[in-house]
Amino acid sequence: MIRRFAQLLAAALISFLLLAPVTAIACGPFSLDTIFSFTVHPEYPLENFARGDIGLIQPSYARSYLYVAYRYLNGNSFTAAEQTALVEVWHDRLDLRWEPAEEQSVKRWLAAREKVVSGGEAPKIDVYRSREKPNEYEPT
């Protein structure tokens, strides 16, 4: 009797598994909308972030954005002038509006040379000049 009951239970279980619905919904989210997120800086306009509307902070943000978020999360804020300066720095970095470092270095060197060497024309420094001998410093 018990054996017959076990056989019926096994048959019912097998039939249930074979006749169960095939479609299954996997893990979500169940949205057809594309969601974009920034990984280096917060969402535009950056003025909102500088004003304190920090939203969801990504750990991959640049340090300047993480610093601003840290200040706001600790209850501190920025003045209007500081917020303007922050946005200006961020736009300088994102829009590449700064002078290349090589040109700044050459200008600083020429200014220091002018203090030491009086008179005479300063040499022209071309940071990106071609080498006279190809592969001069490279192993052959």
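The values are calculated or read from the model by the stated rules, or taken from the named source; none is laboratory data. Just so it is clear, the structure is predicted and the values come from calculations on it, not from any experiment. Ideal geometry is used to build each Cβ from the backbone, glycine not excepted, and the neighbour counts take in all protein chains shown.
Some points to look at:
- Of the helices (runs of 4 or more DSSP H) lying entirely inside the range 41-140, those containing at least 1 residues that are surrounded by 10 or more Cβ atoms within 10 Å (Cβ to Cβ), acidic (Asp, Glu) and modelled with pLDDT under 80 span 101-116.
- On the stretch given as the range 20-40, residues that are over 21 Å from Glu88 (Cβ atoms) and either at pLDDT 80 or above or touching a Ser or Thr at 6+ places or on another chain (Cβ under 9 Å) (or both) total 2.
- Selection from the range 50-89 of residues that are under 24 Å from Ile35 (Cβ atoms) and among the acidic types (Asp, Glu): Asp53
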